[in-house]
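Visitor: Have a look at the structure that comes next, please.
The values are calculated or read from the model by the stated rules, or taken from the named source; none is laboratory data. Since this is a predicted model, take the numbers as computed values, not measurements. Here the Cβ positions follow ideal geometry from the backbone for every residue, glycine too, while neighbour counts run over all protein chains shown. Note: areas computed on protein heavy atoms with side chains; ligands, DNA, RNA excluded. Shrake-Rupley method; radii C 1.70, N 1.55, O 1.52, S 1.80 Å.
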Amino acid sequence: MDFTEKTKKENLIFDGKILHLYKDDIILPNGHPAFREYIRHQGAVCVVPVTEDGDVILVEQYRYPLQKVTLEVPAGKLDPGETPEEGARRELEEETGLHGGVLRPIGELYTSPAILTEVIHMYIATGFTDGEQHPDEDEFVRIVKKPLQDVVDGILRGDIRDAKTQAAILKTAMLLQK
């Protein structure tokens, strides 16, 4: 069976700086009409910086929708025309000051495919050089360095709830064990 839903008409409801909300008229696989509400997003990157001694560099930041501080891997949205690797290097340097080194792609993450087109490109960073943080004007982050296993344990206990951080850290831990 072909599960493809066909777009009859795109309807842009809200055109924001980062998010673009649509309510499209569609045709279901059985031929019936329906609609789909979803948000288009330009994509993002996240990076797990792993030091020579096996620690990872994370960032704490306040997330307004949750009204709380979260612990996350360095991450951010892609700029127009930017490749995922360019975005990963830029975000890593902005949020942590780390630059150079090797970026190893470890996959893509669909954050919420029922309602959001965002794809996060995940990387492991090694062999980087320390430098100065230079976050965006509206971004306030604190760098946290922890042993990788402590972060894995925090995820398993439920202390770290951010989806991209969970996926990227757990993939990193598994890949580094091989």
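Visitor: Any idea which of ILE155, ILE143 is at pLDDT 95 or above, open to solvent by less than 60 Å² (accessible area, probe 1.4 Å) and not in a loop (DSSP other than H, G, I, E, B)?
Guide: Of ILE155, ILE143, the one residue that is at pLDDT 95 or above, open to solvent by less than 60 Å² (accessible area, probe 1.4 Å) and not in a loop (DSSP other than H, G, I, E, B) is ILE155.
Visitor: Then there's this: What do you reckon, is PRO80 touching a residue at least 24 places away in the same chain (Cβ under 8 Å), outside any strand (DSSP E or B) and open to solvent by 20 Å² or more (accessible area, probe 1.4 Å)?
Guide: When the stated conditions are applied, PRO80 passes them.
Condition check ((1) touching a strand residue (DSSP E or B) at 6+ places or on another chain (Cβ under 6 Å); (2) farther than 25 Å from LYS171 by Cβ) across all residues:
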residue: ILE26; (1), (2): yes, yes
residue: VAL47; (1), (2): yes, no
residue: TYR64; (1), (2): no, yes
residue: VAL73; (1), (2): yes, no
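Visitor: Here's something else I'd like to know. All but one of (1) open to solvent by 50 Å² or more (accessible area, probe 1.4 Å); (2) over 12 Å from VAL45 (Cα atoms); (3) assigned to a helix (DSSP H, G or I) hold for ILE169; which doesn't?
Guide: So the condition that ILE169 fails would be (1).
Visitor: Touching a helix residue (DSSP H, G or I) at 6+ places or on another chain (Cβ under 6 Å), surrounded by fewer than 16 Cβ atoms within 10 Å (Cβ to Cβ) and either closer than 30 Å to LEU21 by Cβ or small (Gly, Ala, Ser) (or both): which single residue out of GLY54, GLY131 fits that description?
Guide: Of the residues listed, the single one that is touching a helix residue (DSSP H, G or I) at 6+ places or on another chain (Cβ under 6 Å), surrounded by fewer than 16 Cβ atoms within 10 Å (Cβ to Cβ) and either closer than 30 Å to LEU21 by Cβ or small (Gly, Ala, Ser) (or both) is GLY54.
Visitor: Mind checking which residues of segment 83-105 are closer than 25 Å to ILE39 by Cβ and hydrophobic (A, V, I, L, M, F, W, C)?
Guide: Within segment 83-105, ALA88 is the sole residue that qualifies.
Visitor: A further question follows. Of the residues GLY87, GLY131, only one is in a loop (DSSP other than H, G, I, E, B) and in contact with a strand residue (DSSP E or B) (Cβ under 6 Å, 6 or more places away or on another chain); which?
Guide: It is GLY131.
Visitor: Determine the pairs where a residue that is modelled with pLDDT under 95, located within segment 9-31, has a partner that is surrounded by 11 or more Cβ atoms within 10 Å (Cβ to Cβ) with Cβ atoms under 6 Å apart, the partner being 6 or more residues away or on another chain.
Guide: Taking only residues 6 or more apart or on different chains, the pairs are LEU19/ILE39.
Visitor: Something else about it: Out of segment 147-159, which residues are among the hydrophobic types (A, V, I, L, M, F, W, C) and closer than 14 Å to ILE57 by Cα?
Guide: Matches in segment 147-159: LEU148, VAL151, VAL152.
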